[in-house]
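Everything on this sheet refers to the single structure shown next.
The values are calculated or read from the model by the stated rules, or taken from the named source; none is laboratory data. Just so it is clear, the structure is predicted and the values come from calculations on it, not from any experiment. Cβ: placed from backbone, ideal geometry, glycine included. Neighbour counts: every protein chain shown.
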Amino acid sequence: MDDVVIRIRLSQADAHYGGDLVDGARMLGLFGDVATELLIRLDGDEGLFRAYDAVEFLAPAYAGDYVEARGRIVTVGKTSRRMEFTAHKIIAASRDPATPSQADVLDPPILVCRASGTCVTPLDNQRRKG
């Protein structure tokens, strides 16, 4: 199955810490959205997120940055779907108060977070079988 990608601009509402630092939970929320789309594409149902087995926060993200969250299904069981996720900062907003509208495209992008986990789609909810 192909990767699912979501790209967003982090907003002031996402910033929870001093210096406009965005809470890592925002990345997990993006991964949840990616997982939902993956399950709909595979099963025709949103399914349920069962658990993360690994989460690594690797770099900061700030309000104004653009982040690309990507995920893929790596294993399909009878009801379980194991997934891997990454979030990369692809554009960094200016951190200089004198130039708040400036930003830089990052080449290469910066890996902000990676995770893996398992989702479940009950058999009765699987509309696309094989």
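So here's what we get for this one:
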| read-out | value |
| --- | --- |
| Selected residue (criterion: farthest from I91 (Cα to Cα)) from residues of the stretch 44-75 that are in contact with a Leu (Cβ under 8 Å, 6 or more places away or on another chain) and surrounded by fewer than 17 Cβ atoms within 10 Å (Cβ to Cβ) | D45 |
| Contacts under 9 angstrom Cβ, first residue in the stretch 1-25 being farther than 14 Å from F85 by Cβ, partner modelled with pLDDT under 90 and hydrophobic (A, V, I, L, M, F, W, C), 6 or more apart | L21/A15; V22/A15; D23/A15 |
| Conditions (1) in contact with a Gly (Cβ under 9 Å, 6 or more places away or on another chain); (2) surrounded by fewer than 17 Cβ atoms within 10 Å (Cβ to Cβ); (3) under 23 Å from D23 (Cβ atoms): number failed by R82 | (3) |
| Candidate set from the stretch 54-104 (those that are free of Cβ contacts under 8 Å to residues at least 40 places away in the same chain and hydroxyl-bearing (S, T, Y)); member that is nearest to T118 (Cα to Cα) | T75 |
| Residue check, R127 surrounded by fewer than 17 Cβ atoms within 10 Å (Cβ to Cβ), over 18 Å from F31 (Cβ atoms) and in contact with a Gly (Cβ under 7 Å, 6 or more places away or on another chain) | yes |
| Residue among L106, L39 that alone is crowded, with 17+ Cβ neighbours inside 10 Å, at pLDDT 95 or above and either under 26 Å from R128 (Cβ atoms) or of a type in the set (A, V, I, L, M, F, W, C) (or both) | L39 |
| Failed criterion for R26 (all others in (1) in a helix (DSSP H, G or I); (2) touching a strand residue (DSSP E or B) at 6+ places or on another chain (Cβ under 8 Å); (3) not aliphatic (A, V, I, L, M) hold) | (2) |
| Only one of D45, D53 that is modelled with pLDDT of 95 or more and not in a strand (DSSP E or B) | D45 |
